[in-house]
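> Before I ask anything, let me first share the structure, which is written out below as structure tokens.
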């Protein structure tokens, strides 16, 4: 059995590589003492264990996360995972294709905000006219 402390460290390293050290530290500090146990679970089990498995590459996991967070209308988490997807080498075309699947299988309303956020994070957003 792997030690939770080891999983936490491994997960924290991966999380910082994907989202940037400053962003991860900010999220962890924002959680405060009350959110500390949840941050340990996120680091150890989500990133230290599940994201570290060999069955899927990090870019594939990122695309899955984009589909999950878009389909469940979790805009804030979607934005975080777009940044991670870009860091993991996902292309604009791959992200767009995931969002088209979300639109077809989960409904257009679920994909609208996600498309806007993805375009912003990819630097493809159109400036407002007027």
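> Which condition breaks for residue 83 when tested against (1) more than 28 Å from residue 1 (Cβ to Cβ); (2) without any contact (Cβ under 8 Å) to a residue 60 or more places away in the chain; (3) surrounded by 15 or more Cβ atoms within 10 Å (Cβ to Cβ)?
If we test residue 83 against (1) more than 28 Å from residue 1 (Cβ to Cβ); (2) without any contact (Cβ under 8 Å) to a residue 60 or more places away in the chain; (3) surrounded by 15 or more Cβ atoms within 10 Å (Cβ to Cβ), just (2) comes out false.
> Of the numbered conditions (1) outside any helix (DSSP H, G or I); (2) under 23 Å from residue 3 (Cα atoms); (3) at pLDDT below 95, residue 55 fails exactly one; give the number of that condition.
Among (1) outside any helix (DSSP H, G or I); (2) under 23 Å from residue 3 (Cα atoms); (3) at pLDDT below 95, the lone unmet condition for residue 55 is (3).
> From 31, 110, 103, 125, which residue is over 15 Å from the mean Cα position of the chain (by Cα) and closer than 16 Å to residue 11 by Cβ?
After applying the criteria, what remains is 31.
> Conditions first: (1) over 14 Å from residue 81 (Cβ atoms); (2) in a helix (DSSP H, G or I). Residue 15 passes all but one, so which condition is the exception?
All conditions pass for residue 15, except number (1).
> For region 77-130, give me the residue count where each residue is farther than 20 Å from residue 19 by Cα and either in contact with a strand residue (DSSP E or B) (Cβ under 8 Å, 6 or more places away or on another chain) or outside any helix (DSSP H, G or I) (or both).
Total meeting the criteria: 7.
> Could you identify the single residue in 110, 71, 87 that is touching a helix residue (DSSP H, G or I) at 6+ places or on another chain (Cβ under 9 Å) and at pLDDT below 95?
Being touching a helix residue (DSSP H, G or I) at 6+ places or on another chain (Cβ under 9 Å) and at pLDDT below 95 holds for just one of 110, 71, 87, which is 110.
The values are calculated or read from the model by the stated rules, or taken from the named source; none is laboratory data. Everything quoted here is computed from the prediction, not taken from an experiment. Cβ sites come from the backbone with ideal geometry, for glycine too, and all protein chains shown count toward neighbours.
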